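Following: one structure in structure tokens, then a few remarks.
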Amino acid sequence: MSDRFLNDLEEDILIEMFNIGMGKAAHALSIIAKQDVDVSVPAVQLIDAETVFSDIRSDEICCVIQKVKGEFDSVSVLIIPQRGSYEIVSKMLGSFLKGIPPSELYQDAMREIGNILINTCVGTVANSLNLTSYVELPFLQFGSSDHLFDGNLLKKDDVILNVGIHIVLSESNVSGKVFFIFGPISLAQLQRGLNGYLKQFR
């Protein structure tokens with residue numbers, strides 16, 4: 001983006017909030033997976049709609065998409081390379097895959113993983129910034145990044161809050177990303193929430 005929306009302090013605050021949320025998500029996922037799970041957020045940045053395409057070029061992507069309503073109005077997208085998503089699900093479910101169609105169970109598992117990560121992220125950040133939020137049920141999308149945002153998911157004036165995440169199971173090493181797609185109004189609400197949060201320390 002040509003004009004910087006977040007300053008260094010605001011970026012640091014969001015990174016810390018997302019890391020707190022991801023820590024809670026990692027605990028929930030570790031119970032499901034019955035192994036240690038570490039999820040961290042090394043960076044948060046705002047990018048424009050065009051930039052997101054050049055950043056996620058891949059022929060095999062698994063996306064968990066959830067709409068967030070309220071003052072934190074946005075569309076959240078968890079993106080994991082499909083091969084990595086298979087690895088996570090197989091290690092999480094293990095013997096439970098037997099006797100059940102893998103595609104059905106895999107999709108249910110990915111929706112649950114995305115739901116845990118996104119709900120926890122949204123809840124932690126929105127509550128910290130005193131913004132209302134309601135996360136709708138997730139749905140999946142597969143394929144190449146070229147077709148990822150087919151339809152009405154992205155608009156020309158949308159801004160993307162790019163949250164880099166790193167997911168590590170005790171026997172896996174998989175990287176993923178979470179995007180929050182904001183329109184002009186919801187972006188202004190996020191800025192208002194950050195300003196209100198910072199006033200506590202002035």
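Any residue that is under 28 Å from Asp158 (Cα atoms), at pLDDT 75 or above, of a type in the set (D, E, K, R) and more than 19 Å from the chain's Cα centre (by Cα) - is there at least one of those in the stretch 25-40?
Taking every residue of the stretch 25-40 in turn, none turns out to be under 28 Å from Asp158 (Cα atoms), at pLDDT 75 or above, of a type in the set (D, E, K, R) and more than 19 Å from the chain's Cα centre (by Cα).
Output the number of the condition that Gly176 fails; it satisfies all remaining conditions of (1) modelled with pLDDT of 80 or more; (2) buried (at least 20 other Cβ atoms within 10 Å of the Cβ).
Only one criterion is unmet by Gly176, namely (1).
Quick check on Val89: is it modelled with pLDDT of 90 or more and among the hydrophobic types (A, V, I, L, M, F, W, C)?
Criteria not met by Val89.
Checking the structure you have, find out if any residue of the stretch 100-107 is modelled with pLDDT of 85 or more and assigned to a helix (DSSP H, G or I).
The answer is yes, given that some residue of the stretch 100-107 is modelled with pLDDT of 85 or more and assigned to a helix (DSSP H, G or I).
Any idea which residue in the stretch 61-86 is modelled with the lowest pLDDT, counting only those that are small (Gly, Ala, Ser) and outside any strand (DSSP E or B)?
Here the residue is Gly84.
Going through Val125, Val163 one at a time, which residue ends up being touching a Phe, Trp or Tyr at 6+ places or on another chain (Cβ under 6 Å) and at pLDDT 80 or above?
It is Val163.
The values are calculated or read from the model by the stated rules, or taken from the named source; none is laboratory data. Bear in mind the structure is a predicted one, so any value in this text is a computation, not a measurement. Methodologically, a virtual Cβ is constructed for each residue, glycine included, from the backbone with ideal geometry; neighbour enumeration extends over all protein chains shown.
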